[in-house]
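Since the structure comes first, as C-alpha cells, the remarks are kept for the end.
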Amino acid sequence: MSESNLYLAKAVFDVYLAKVSDDKLLEAKEIIAIANKFAYQDDGVGSDPYYAEVQYKKAYELAGAGAYDSDSQFRRAFNQERLREYQAAFDEYRNLIINFSDLAVKHKIYFRMGVLAAYGLKDTELASVYFL
C-alpha cells in the first residue's frame, strides 16, 4: 500500500485471507487488521472504505463482536460515517460504548453520536440526549 496500488494490495490480501488459519477468531482478527488499513483516512492515501467495510462485515460474520478491539470498532464506525451510512455508524458507536464501557474518550463518542443523530438521522431529540 505504500506504493498506493490498491488493486494489487486488495488482490494480495484476498489471497492471503483465503489461506489463513481454521481458527475463526484468529481469521476474523486478521481480516479486521487488513480492513483497518483500508478504512477511511483523513488524508485519503491508501484508503478504500468500501473494501474495508466488506472486510469488516466478513470478520463480524466469522466471529462476531468479540473479534474487535476498541480501536478497530471505532475505525469501523468512523469508516461507516464517512461512507454516509449514518444509521450503521451510529449503531457501531453505540456498540463501542456498550462493549468497551471503560473508554477514556467516551464523551467524544457521545458527541459523534449526537452529530449523527442530528445530521444523519434527522432526530434532534435523540441528538440532544447524546449531547447532554
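The values are calculated or read from the model by the stated rules, or taken from the named source; none is laboratory data. Values in this document were obtained by computation on a predicted structure and should not be read as measured data. No Cβ is skipped: glycine too gets one built from the backbone with ideal geometry, and neighbour counts run over all protein chains shown.
The single condition among (1) within 23 Å of residue 28 (Cα to Cα); (2) surrounded by fewer than 16 Cβ atoms within 10 Å (Cβ to Cβ); (3) acidic (Asp, Glu) that residue 42 does not meet is (1). None of 51, 7, 16 is assigned to a helix (DSSP H, G or I), modelled with pLDDT of 90 or more and more than 24 Å from residue 99 (Cα to Cα) except 51.
Just to be sure, is residue 64 under 30 Å from residue 11 (Cβ atoms) and either in contact with a helix residue (DSSP H, G or I) (Cβ under 6 Å, 6 or more places away or on another chain) or assigned to a helix (DSSP H, G or I) (or both)? Here the answer is yes, as residue 64 does meet what is asked.
Annotation: residue 28 fulfils all but one of (1) within 30 Å of residue 130 (Cα to Cα); (2) modelled with pLDDT of 90 or more; (3) aliphatic (A, V, I, L, M); the unmet one is (1).
When the range 92-113 is filtered for residues that are free of Cβ contacts under 8 Å to residues at least 24 places away in the same chain and farther than 12 Å from residue 77 by Cα, the ones remaining, listed by number, are 98, 101, 102, 104, 105, 106, 107, 108, 110, 111. Between 117, 59, the distinction of being within 13 Å of the chain's Cα centre (by Cα), of a type in the set (Gly, Ala, Ser) and either within 21 Å of residue 11 (Cα to Cα) or surrounded by 14 or more Cβ atoms within 10 Å (Cβ to Cβ) (or both) belongs to 59 only.
Across the range 70-110, which residue is modelled with the lowest pLDDT among those that are surrounded by 14 or more Cβ atoms within 10 Å (Cβ to Cβ) and over 16 Å from the mean Cα position of the chain (by Cα)? Here the residue is 103.
Among the residues of the range 72-122, those that are over 18 Å from residue 55 (Cα atoms) and part of a loop (DSSP other than H, G, I, E, B) comprise 100, 101, 102, 103, 104, 105, 121, 122.
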